[in-house]
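Notes follow once the structure below has been shown.
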Protein chains: 2
Amino acid sequence: MKARVFVTLKTGVLDPQGKAIGHALNGLGFRTVGEVRQGKVIDLDLAEKNETAARASLREMCEKLLANTVIEKYEIELKP
Amino acid sequence: MKARVFVTLKTGVLDPQGKAIGHALNGLGFRTVGEVRQGKVIDLDLAEKNETAARASLREMCEKLLANTVIEKYEIELKP
């Protein structure tokens, strides 16, 4: 089973990297671009076949290692 | 319109960061984890209302700034 985990900064947490990208895009002439936020995407191959079990273990991975839950939130997407 | 852009390394390009995450997860006891790849996710707010135009301009942003197309590939997701 393939899984995709998004780790992004919580709303309200300053994102200087996103701001820099936004400014650069505006500078390149992309005037329609408003707010930009940058995060991480992690693609995992799991041997787990059961979706509920996979989701539970991914949640644990996020809490333990992948995300800093003080300032970051995560989303889990499964592709069987 | 909100857009999400994924920038990930092309298959075949070594991803030491992903490997490190995979090792760390195995070390933490997540034995079902196989290959891990890490990439970037960029969330953008666009003033553009037209989906085709938005997609075209996002493609241009990726080619010009967001992705290094020699080693990275990108995916564009639109949420109206």
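Data for the structure
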item	result
For chain A, accessible area per residue (1.4 Å probe, heavy atoms of protein chains only), Å²	55
Label distances, nm, B:THR32 versus same residue in remaining copies, Cβ-directed 7 Å point	4.1
Largest-first principal axis extents, alpha carbons of the protein assembly as shown, Å	48, 35, 25
Solvent-accessible surface ranking, highest first, for A:ILE21, B:ILE42, B:ILE71 at 1.4 angstrom	B:ILE71, A:ILE21, B:ILE42
Nitroxide proxy distance, nm - points 7 Å out along Cα→Cβ at B:LYS73 and A:ASP45	1.5
Tilt relative to chain A, helix A:16-27 - C-alpha long axis, 0 to 90 degrees, to 10	50
Region A:2-79 - charge dipole about Cα centre, Lys and Arg +1 at Cβ, Asp and Glu -1, debye rounded to 20	160
Cα-Cα P(r), chain B, percent of pairs per 10 Å interval	18, 37, 25, 16, 4
Distances in nm from B:PRO16 to the matching label points in the other copies, shortest first (labels 7 Å along Cα to Cβ)	2.4
Ascending list, in nanometres, of distances separating the B:GLU63 label from those of the other copies (7 Å, Cα toward Cβ)	4.6
Inter-chain shielding of B:21-32 (mean C-beta neighbours from other protein chains, 10 Å cut-off)	4
Rounded to 10°, Cα long-axis angle of helix A:51-61 versus longest principal axis of chain A	60
Nearest residue to the symmetry axis between A and B, taken on chain A by its Cβ, in whole Å	A:VAL41, 2
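The values are calculated or read from the model by the stated rules, or taken from the named source; none is laboratory data. A quick note: this is a predicted structure, and the numbers were derived from the prediction, not measured. So basically every Cβ, Gly included, is an ideal-geometry build from the backbone, and we count neighbours across all protein chains shown. We work out accessible area using only protein heavy atoms, side chains counted, and drop any ligands, DNA or RNA first. Shrake-Rupley method; radii C 1.70, N 1.55, O 1.52, S 1.80 Å.
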